1. With every protein chain left in place and a probe of 1.4 Å, what is the accessible surface of residue 47, to the nearest 10 Å²?
2. With charges only on Cβ, +1 for K and R and -1 for D and E, what is the dipole size of the chain about its Cα centre, in debye, rounded to 20?
3. Once you've got the GNM for the chain with C-alpha springs shorter than 10 Å, pick whichever of 25, 42, 60 has the biggest mean-square fluctuation.
4. How long is the gain from residue 50 to residue 62 if the chain were fully straight, where each residue apart is worth 0.36 nm and the alpha carbon distance is subtracted?
5. Cα axis of helix 2-111 to longest principal axis of the chain: angle in degrees, 0 to 90, nearest 10?
6. Carbon and sulfur atoms: what percent of the 1.4 Å accessible area of region 40-112 do they account for?
7. Can you work out D for the chain in µm² s⁻¹ from Stokes-Einstein, where Rh is the Kirkwood radius over C-alpha pairs, the temperature is 4 °C and the viscosity is 1.567 mPa s?
8. Averaged per residue, what accessible area in Å² does the chain show with a 1.4 Å probe, protein chains only?
Amino acid sequence: DQLKAAVRNAQEAMAGESDELRRDIRHLEEFTCELEDLGKSISTTALSLEDNLRSGFANIRQLLDDREAALLVQVADVAAERLAVVRAQVRRTEDTQREVEGVLSGAEQAKR
C-alpha cells in the first residue's frame, strides 16, 4: 500500500508539474506573440519616420530651390539696373566728348 501511495503521490506531483509547465508554455507563447507585435510596431514606426524625414527634407530642398531662384532674379535685376546706369553714363560721357570735340573743332576753325 505504501508503494502504491508513493507512486500515486509521485504521479499527482508530476501531473501538477505538467500543468505548471503547460501554463509556462502558454505564457511563453503569449510573450512571443507580444514580442512579434512589438517588432511589427517598431517596423511600422520606422517606415513612417523614414517617410516623414524624406518628405520634410524634400520640402526643405524645395524651399531652398525657391529661395535660390528668387535671389538669382534679384541679382539679375540689380545687375541690370546698375548696367543701365553705367550705359547711360557712357552715353553721356560720349555725348560730352563729342560736344567738346565740336567746340574744339569750331575754335580751331575760328583761329584760321
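The values are calculated or read from the model by the stated rules, or taken from the named source; none is laboratory data. The structure presented is a predicted model; accordingly, all values stated were derived computationally and were not measured. Don't worry about glycine lacking a Cβ; one is built from the backbone with ideal geometry, like all the others, and counts go over all protein chains shown. Heads up: the accessible areas ignore ligands, DNA and RNA and are worked out on the full protein's heavy atoms, side chains in. Shrake-Rupley method; radii C 1.70, N 1.55, O 1.52, S 1.80 Å.
1. Answer for residue 47: close to 100 Å² accessible.
2. Working: 16 positive and 23 negative charges, 241 e Å.
Approximately 1160 debye in magnitude.
3. Highest fluctuation among the options: 25.
4. Values: separation 12, 0.36 × 12 = 4.32 nm, distance 1.82 nm.
2.5 nm is the gain from fully extending residue 50 to residue 62.
5. Rounded to the nearest ten degrees, it is 0.
6. On the way: 3930 of 6600 Å².
Accessible surface attributable to carbon and sulfur in region 40-112 totals 60 percent.
7. Numbers: Rh = 24.4 Å.
The calculation lands on 53 µm²/s.
8. On a per-residue basis, 92 Å².
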